[in-house]
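Encoded as structure tokens, the structure appears first; notes follow it.
Every number in this text was worked out from the coordinates using simple rules, so none of it is lab data. Since the structure is predicted, the reported quantities are computational estimates derived from the model, not experimental observations. Because the Cβ atoms are built from the backbone with ideal geometry, glycine has one as well, and the counts that use them run over all protein chains shown.
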Amino acid sequence: MDTTGNTEDGNREQVPDIAGELKRIFNKKIRNNRSVFVLLVSFAVVFSVWFLKQVQNGYVISAQIMPVYVNTPPGYTSQELSSRTVAVTVDMDGFNMLSYMLGKRRAEIDVNKVVEQAHGRHFWIPSKYPSMLSAAILSSDKLKTVSSDTIFLNMGDEVVKKVPVELSDIKTEYRPGYGTFEKVRIIPSQVKIIGTPEEVSAVDAVQLPPLSYRGLSAPVEDTVALPLPDGLRHARIEPERVVVAFSVKPYTEGEMTLAIRAVNVPRGYKVKFFPSKVKVRYRVSVDDYPRLSESDFSITADMSHTDPSSRIIYPKAVSFAPFVGQVTIMPERVEYLYRKE
């Protein structure tokens, strides 16, 4: 026996006829109930008459007008001058509501007629030119108010901002026995960004291009051109070039045995380490080796980072002389024991 077909027929019979059920309820509860039906029809008619009357009487609605600038300076588009809109209110025929709600209205603004200048900035005040803005309003409507906000225009006005120069990526390879243990210097470390207020305000730093140096055995002083940050069309950098410098010297390796200093020890306790001292290995230039001493290193064990289930801690070189590099500690971990004071 084919039970599958029967099951499918049964499922189809159980699907409720929602549309039919709603129609049955409407006919039974509302349409056949004359008083309720008449009440609903009357309400719909009254509401329609009220709505049409309100629409016909007109509304005051807020809208946005997008200025389209004409007679712009050479090299500038309307969008580049300013993308700000003008807020207005319109006394309108209610039937025109959708035309203002769907998108922005546009009005041509002649730069030569509206632009003003003060303190090195170009701007215009929309509230002074309602006739130009009215071109964006339907002929049956009336421009009621215009925002008094000032709109600044990007017309070559220049401001100056100092920003740091930063390394983005630097790769170095040294000849055997040579290295550097000092930070890379950038000279000057800050430059001026000069350009329009809109562009300059978006720049917080200037990134050097990726740099690569190989086979180094002598100090480096490299003059590097600064790239203009992305998106800047009307700006410049002064100076246009900086010097990237770092020392390269022959190095030697050294070793010291230093005591571990405990920090963040629980109150009322003291700590004993096993072993109590560790060997510190490092690289330093041959010239700087004689002036290096134990006071140039600080080896600590932070007791706030211990695992209660373990008696192991890893000492760290939290500070050392700036001319020292590749510091390692042996052994990497030590045991500890708390004792009450």
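Amide H contacts under 5 Å for Thr145: Thr89, restricted to partners 5 or more places along the chain or on a different chain, H placed in the peptide plane at 1.01 Å from N. Amide H contacts of Arg261: Ile299, Thr300, Ala301, each under 5 Å away and 5 or more positions distant or on a separate chain (H built 1.01 Å from N in the peptide plane; Pro and chain starts excluded). The fewest-to-most ranking of Phe123, Phe181 by surrounding Cβ atoms within 10 Å reads Phe123, Phe181.
Rounded to the nearest whole Hz, the Karplus-based 3J(HN,Hα) values (6.51 cos²θ - 1.76 cosθ + 1.60, θ = phi - 60°) of region 239-247 follow the sequence x, 7, 9, 10, 9, 9, 9, 7, 7, with x at glycine and proline. Close amide-amide hydrogen proximity is noted between Met155 and His122, each under 5 Å apart and 5 or more residues distant or on a separate chain (H modeled in the peptide plane; Pro and chain starts excluded).
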